[in-house]
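Remarks on the structure that follows.
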Amino acid sequence: MDLSIIITTAISAFTAVAGFFVGKRKSDAEATQTAFESYNVALKSLRGEIEANGQRWNEIRKALESKIESQEKRILELEKENLYLREQISKIR
């Protein structure tokens, strides 16, 4: 009878220890999965921010290119007008 109590206690202790390690492994796996999920959420958020910044910079670049084109046209007009005025001045002299 004492031997069956010892065997039952040993089996219970073994089961408890095995359950602890299995639970710890499962807990570690769940923690790792949660960490990866959080990391993915952070990466998606960062990707969204980077894409938004990229779009904003593209809009700024396009606006500047448009302004440069406008200024190039104005410079050409002023150069033509300058040339015309120089010709007029040279005719007067």
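Per-residue answers, yes or no, for (1) modelled with pLDDT of 80 or more; (2) in contact with a Lys or Arg (Cβ under 7 Å, 6 or more places away or on another chain); (3) in a helix (DSSP H, G or I); (4) open to solvent by 100 Å² or more (accessible area, probe 1.4 Å):
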| residue | (1), (2), (3), (4) |
| --- | --- |
| Ser4 | no, no, yes, no |
| Val17 | no, no, yes, no |
| Phe21 | no, no, yes, yes |
| Lys24 | no, no, yes, no |
| Leu46 | yes, no, yes, no |
| Ile50 | yes, no, yes, yes |
| Asn53 | yes, no, yes, no |
| Asn58 | yes, no, yes, no |
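Is it true that some residue in segment 60-76 is assigned to a helix (DSSP H, G or I), at pLDDT below 85, open to solvent by 100 Å² or more (accessible area, probe 1.4 Å) and not aliphatic (A, V, I, L, M)? Looking through segment 60-76, none of the residues is assigned to a helix (DSSP H, G or I), at pLDDT below 85, open to solvent by 100 Å² or more (accessible area, probe 1.4 Å) and not aliphatic (A, V, I, L, M).
The values are calculated or read from the model by the stated rules, or taken from the named source; none is laboratory data. The structure displayed is predicted, hence computed values, not measured ones. A quick note on method: Cβ atoms are made from the backbone with ideal geometry, for glycine too, and the neighbour counts reach across all protein chains shown. Accessible surface areas use protein heavy atoms only, side chains included; no ligands, DNA or RNA. Shrake-Rupley method; radii C 1.70, N 1.55, O 1.52, S 1.80 Å.
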